[in-house]
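**Student:** Please read through the structure below; I'll follow up with questions.
The values are calculated or read from the model by the stated rules, or taken from the named source; none is laboratory data. Everything quoted here is computed from the prediction, not taken from an experiment. Cβ placement follows ideal geometry from the backbone for every residue including glycine, while neighbour counts extend to all protein chains displayed.
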Amino acid sequence: MSFSPKFSAAPKESGKSGTIKKILATTSVALMLAACGPSTSSYPTTSGRGPTNPNPDPNEKRESIFGEDGLVLFGGESNDDPAGGGGIGVNSFLWRASLDTVSFVPLASADPFGGVIITEWYSDPSSPTERFKLTVYILDKRLRADGLKVAVFRQERAGDEWRDAGANATTSVQLENAILMRARELRVNTLEADDG
């Protein structure tokens with residue numbers, strides 16, 4: 001016994017259902033073609049004069065939201081910055097001195113525009129039951145003692161867990177002083193290099 005499939009044509013649509021589908025298809029095509037026609041929209045031009053014109057005089061210097069010098073990245077052309085900004089958001093001498101001073105600890109993040117340096121936890125090999133984390137805040141574009149703040153966090157090991165412990169208050173002051181001394185050295189070296 002052999003099996004041979006019989007293919008039959010799709011049933012023809014009849015009645016109201018087929019007519020409605022044809023009308024909808026024809027209407028859709030007509031609407032799509034009508035949308036391709038010429039537009040009567042009017043758009044503003046720059047040839048007019050007045051306060052609403054975006055460019056009243058093409059020869060006149062345009063104003064900018066970034067100010068007179070425009071957007072200056074990485075210090076721009078100017079080399080006469082006495083504060084040592086160098087195109088970053090904080091004093092560049094304090095920034096470099098901070099990185100030099102905390103270089104013995106791995107960095108978690110460093111944001112030169114916000115002036116924040118965050119280190120990873122560091123455990124001195126001579127005392128493995130305690131660890132430290134540093135956060136350096138550079139608060140000013142000028143090289144000043146009050147433009148710097150160091151926060152020291154300390155933890156002690158209790159079994160398998162680390163628990164917060166108080167850090168010595170003089171530790172942050174000593175780190176701030178070390179950073180300030182290094183920043184002054186960098187500034188003096190820069191001034192001597194410029195003079196020589």
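**Student:** If we scan segment 159-177, do we find a residue that is in a strand (DSSP E or B) and basic (Lys, Arg)?
**Tutor:** Here is the first cut: in segment 159-177, the ones in a strand (DSSP E or B) are 161-165.
Applying the additional criterion that residues be basic (Lys, Arg) yields 163.
Yes, some residue in segment 159-177 is in a strand (DSSP E or B) and basic (Lys, Arg).
**Student:** PHE104 - would you say it is aromatic (Phe, Trp, Tyr) and outside any loop (DSSP other than H, G, I, E, B)? Let's see the steps before the verdict.
**Tutor:** Values: aromatic (Phe, Trp, Tyr): yes; outside any loop (DSSP other than H, G, I, E, B): no.
Considered against the rule, which asks whether it is aromatic (Phe, Trp, Tyr) and outside any loop (DSSP other than H, G, I, E, B), PHE104 comes out as no.
**Student:** Here is a further query. Would it be correct to say that ASP124 is touching a Phe, Trp or Tyr at 6+ places or on another chain (Cβ under 9 Å) and in a loop (DSSP other than H, G, I, E, B)?
**Tutor:** Details: touching a Phe, Trp or Tyr at 6+ places or on another chain (Cβ under 9 Å): yes; in a loop (DSSP other than H, G, I, E, B): yes.
Considered against the rule, which asks whether it is touching a Phe, Trp or Tyr at 6+ places or on another chain (Cβ under 9 Å) and in a loop (DSSP other than H, G, I, E, B), ASP124 comes out as yes.
**Student:** I'd like to verify a number: residues in segment 186-196 that are out of contact with any Phe, Trp or Tyr (no Cβ under 9 Å at 6 or more places or on another chain) and surrounded by 13 or more Cβ atoms within 10 Å (Cβ to Cβ), how many?
**Tutor:** Here the count works out to 0.
**Student:** Restricting attention to segment 105-160, which residues are among the aliphatic types (A, V, I, L, M) and over 25 Å from TRP95 (Cβ atoms)?
**Tutor:** Within segment 105-160, ALA158 is the sole residue that qualifies.
**Student:** Moving on to the next point. Filter segment 137-158 for residues that are part of a strand (DSSP E or B) and hydrophobic (A, V, I, L, M, F, W, C); which is surrounded by the fewest Cβ atoms within 10 Å (Cβ to Cβ)? I'd like the intermediate steps shown before the answer.
**Tutor:** Here is the first cut: in segment 137-158, the ones part of a strand (DSSP E or B) are 137-138, 148-158.
So of that shortlist, the ones also hydrophobic (A, V, I, L, M, F, W, C) come out as 138, 148, 150-153, 158.
Numbers: ILE138: 26, LEU148: 24, VAL150: 21, ALA151: 13, VAL152: 18, PHE153: 15, ALA158: 10.
The residue in question is ALA158.
**Student:** Kindly indicate whether ILE118 is touching a residue at least 40 places away in the same chain (Cβ under 8 Å), in contact with a Ser or Thr (Cβ under 9 Å, 6 or more places away or on another chain) and not in a loop (DSSP other than H, G, I, E, B). I'd like the intermediate steps shown before the answer.
**Tutor:** Details: touching a residue at least 40 places away in the same chain (Cβ under 8 Å): no; in contact with a Ser or Thr (Cβ under 9 Å, 6 or more places away or on another chain): yes; not in a loop (DSSP other than H, G, I, E, B): yes.
Taking the combined requirement at face value, the residue does not satisfy it.
**Student:** Do we find that GLU130 is surrounded by 14 or more Cβ atoms within 10 Å (Cβ to Cβ) and closer than 21 Å to ARG157 by Cα in this structure?
**Tutor:** Working: surrounded by 14 or more Cβ atoms within 10 Å (Cβ to Cβ): yes; closer than 21 Å to ARG157 by Cα: yes.
So GLU130 fits the description; yes.
**Student:** Cβ contacts < 7 Å: first residue basic (Lys, Arg), restricted to segment 92-112; second residue surrounded by 16 or more Cβ atoms within 10 Å (Cβ to Cβ) and assigned to a helix (DSSP H, G or I), any location; separation 6+ or different chain. Result?
**Tutor:** Short answer, once both residue conditions are applied: ARG96/LEU186.
Every residue, every condition in (1) farther than 30 Å from GLU161 by Cα; (2) in contact with a strand residue (DSSP E or B) (Cβ under 6 Å, 6 or more places away or on another chain); (3) modelled with pLDDT under 95; (4) of a type in the set (S, T, N, Q), yes or no:
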residue: LEU73; (1), (2), (3), (4): yes, no, yes, no
residue: SER78; (1), (2), (3), (4): yes, no, yes, yes
residue: PHE93; (1), (2), (3), (4): yes, no, yes, no
residue: THR119; (1), (2), (3), (4): no, yes, no, yes
residue: ARG144; (1), (2), (3), (4): yes, no, yes, no
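**Student:** Quick check on my filter: what residues within segment 159-173 are surrounded by fewer than 13 Cβ atoms within 10 Å (Cβ to Cβ) and within 32 Å of the chain's Cα centre (by Cα)?
**Tutor:** Those that are surrounded by fewer than 13 Cβ atoms within 10 Å (Cβ to Cβ) and within 32 Å of the chain's Cα centre (by Cα): ASP164, VAL173.
**Student:** Further question: Return yes or no: is ALA178 out of contact with any Asp or Glu (no Cβ under 8 Å at 6 or more places or on another chain) and more than 23 Å from LEU107 (Cα to Cα)?
**Tutor:** no
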